[in-house]
Amino acid sequence: MSQATGPTPTEVMFLADEASRRLGIELVEHGEGTAVLRMTVTPAMVNGHRIAHGGYLFLLADTAFACACNSHGPVTVAAGADIVFVAPAREGDVLEARAEERARYGRSGVYDVSVRRGDEVIAEFRGRSRSVRRATAHETPGTTTKESR
């Protein structure tokens, strides 16, 4: 981050993401429509088969997706996502999620995220995004107005 320009939209969003940061997820690099994040599989992340629980792999990929689609500035959320688990990850594995924008149209976008352990693909994720406007000070959280839809 440059002191002269301040934090990027991705950095602002990631710093506020307690869930991802508390799991040890690191923002490695980011740019317009891209992001690379890293996570080490901890003992608390493995399931009864002694492999990483799929929810943690989804969370890593989803966080990379969020960083990439929020890089443009407007608040952007997931409209949907799918994941294909290709190979198991195990305790101690260092995983890297690389997100890339595939298409942006209007307020929507499509992003692919590849989760790897070194050169090996662990999972492939596709996310669909939707940009939303920021709520004004007089709106109550949890309410929907015609303008916010």
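The values are calculated or read from the model by the stated rules, or taken from the named source; none is laboratory data. What you are looking at is a predicted structure, and each value in this text was computed from that prediction instead of being measured. Cβ: placed from backbone, ideal geometry, glycine included. Neighbour counts: every protein chain shown. In case anyone asks, the SASA skips ligands and DNA or RNA and just uses the protein heavy atoms, side chains included. Shrake-Rupley method; radii C 1.70, N 1.55, O 1.52, S 1.80 Å.
Considering only the other residues whose Cβ falls under 14 Å of the Cβ of Arg50, what net charge follows from Lys and Arg at +1 and Asp and Glu at -1? Numbers along the way, then the final one.
Working: positive: Arg90; negative: Glu91, Asp93.
It works out to a net charge of -1.
Please give me the summed charge of the neighbours of Asp17: other residues whose Cβ is under 13 Å from its Cβ, Lys and Arg +1, Asp and Glu -1. Write down the numbers at each step before the final one.
Values: positive: Arg21, Arg22; negative: Glu11, Glu18, Glu26, Asp62.
That sum, taken over residues with Cβ under 13 Å, equals -2.
At 1.4 Å probe size, with the rest of the protein present, what percent of the exposed accessible area of the chain is carbon and sulfur atoms?
Values: 4550 of 8570 Å².
C and S fraction of accessible area: 53 percent.
At a Förster distance of 25 Å, what's the computed FRET efficiency of Val84 paired with Thr5, Cβ-Cβ distance as r, to 0.05? Mind showing how you got there, number by number?
Working: r = 38 Å, r/R0 = 1.50.
Efficiency for this residue pair is about 0.10.
How large is the convex hull of the C-alpha atoms of region 43-113 per residue, in Å³?
On the way: hull volume 7.0 nm³, N = 71.
Roughly 99 Å³ of hull volume per residue.
Residues of region 44-136: accessible area per residue at 1.4 Å, in Å²? Present the calculation step by step, with values, prior to reporting the outcome.
Details: 4700 Å² over 93 residues.
Heavy-atom accessible area per residue stands at 51 Å².
What are the trypsin sites (Lys or Arg not before Pro) within region 18-104 that DSSP puts in a loop, where the Cβ has at most 11 other Cβ atoms within 10 Å?
Values: sites: Arg21, Arg22, Arg38, Arg50, Arg90, Arg98, Arg102, Arg104; in loops: Arg50, Arg90.
Filter output for region 18-104: Arg50.
Residues with beta-carbon under 12 Å from that of Thr8, excluding Thr8: net charge, scoring Lys, Arg +1 and Asp, Glu -1?
Details: positive: none; negative: Glu11, Glu29, Glu32.
Result for the local shell: -3.
Select one label from (i) 49, 36, 29; (ii) 43, 32, 31; (iii) 82, 53, 31: the one whose number is Cα extents along the principal axes in Å as derived from the coordinates shown.
Given (i) 49, 36, 29; (ii) 43, 32, 31; (iii) 82, 53, 31, the structure-derived one carries the label (i).
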